[in-house]
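Working notes, structure below.
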Amino acid sequence: MTRSQERRKLNERYLLLKEWYGKEYAKTEMAAHTCQPTDINLIIQHECECLAAPEVGVFITLESRWREIVGEQLAVYAKPARLRDGVLSLEVRHSSLIRELAPSLDLIQKRIDELLGPGVCSSIKLIPSGSLSRGKRG
């Protein structure tokens with residue numbers, strides 16, 4: 001049914017109620033039997049959830065809790081760059097740190113599982129800082 005058809009039906013119903021019960025009672029009945037307003041925040045939240053991949057929300061949480069996950073000192077040298085298909089790409093400040101941090105990846109992954117739940121991150125990949133363009137993050 002098109003919008004104009006819906007409006008026509010509502011108008012017919014209102015006119016009938018108005019004829020039977022009077023103007024005020026007809027308005028009350030129409031208000032009681034029409035759709036109630038919906039909070040716009042709920043609509044926006046629903047639409048945003050449909051637009052974004054689930055990993056985007058997880059990545060935002062991961063990024064905001066990064067210092068808690070790896071600690072202050074390590075967070076200075078490595079930061080999350082992207083989470084895609086369960087693979088977390090970590091940007092390191094210098095390429096020589098890749099070899100230094102590689103043995104710690106299982107500990108980082110375990111900590112992510114503890115704080116964000118198992119299965120969020122299936123593996124971690126270390127990349128030099130600046131390897132990902134801004135458009136490919138997240």
Cut-off 12 Å (backbone N to label point 7 Å along Cα→Cβ of L10), residues of the stretch 21-55: 30-37
Summed residue charge, Cβ within 15 Å of L115's Cβ, Lys/Arg positive, Asp/Glu negative: 0
Structure-derived mean projected area of the Cα convex hull in nm² - corresponding label in (i) 11.1; (ii) 9.7; (iii) 13.4: (iii)
Estimated FRET transfer efficiency when R0 is 35 angstrom, pair R3-E29 (beta carbons, to 0.05): 0.95
For the chain: lysine pairs under 22 Å (alpha-carbon distance), excluding those fewer than 8 apart on one chain: 9
Dipole magnitude of the chain about its Cα centre (Cβ charges: Lys, Arg +1; Asp, Glu -1), debye to nearest 20: 500
Cα→Cβ-extended label distance, 7 Å offset, between H46 and E19, nm: 3.6
Cα long-axis angle, helix 40-51 against the chain (0 to 90 degrees, to the nearest 10): 50
Cα gyration tensor shape of the stretch 53-133, rounded if a/c is under 1.5, else prolate or oblate by comparing a/b with b/c: prolate
The stretch 53-133 - charge dipole about Cα centre, Lys and Arg +1 at Cβ, Asp and Glu -1, debye rounded to 20: 180
Qualifying trypsin sites (Lys or Arg not before Pro) in the stretch 26-72, DSSP loop, other Cβ atoms within 10 Å at most 16: R65
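Leaving out ligands, DNA and RNA, and with a 1.4 Å probe, what % of the accessible surface on the chain is carbon or sulfur?
Looking at the chain in its full context, I get 54 percent from C and S.
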MRE, 222 nm, helices only [DSSP H, n ≥ 4, -39500 (n - 2.57), over the chain, to nearest 500]: -17000 deg cm²/dmol
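The values are calculated or read from the model by the stated rules, or taken from the named source; none is laboratory data. Since the model is a prediction, treat every value here as computed from it, not as a measurement. Positions of Cβ are generated from backbone atoms using ideal geometry, with glycine treated the same way; all protein chains shown enter the neighbour counts. Areas reflect the complete protein model, heavy atoms only, side chains present, ligands, DNA and RNA absent. Shrake-Rupley method; radii C 1.70, N 1.55, O 1.52, S 1.80 Å.
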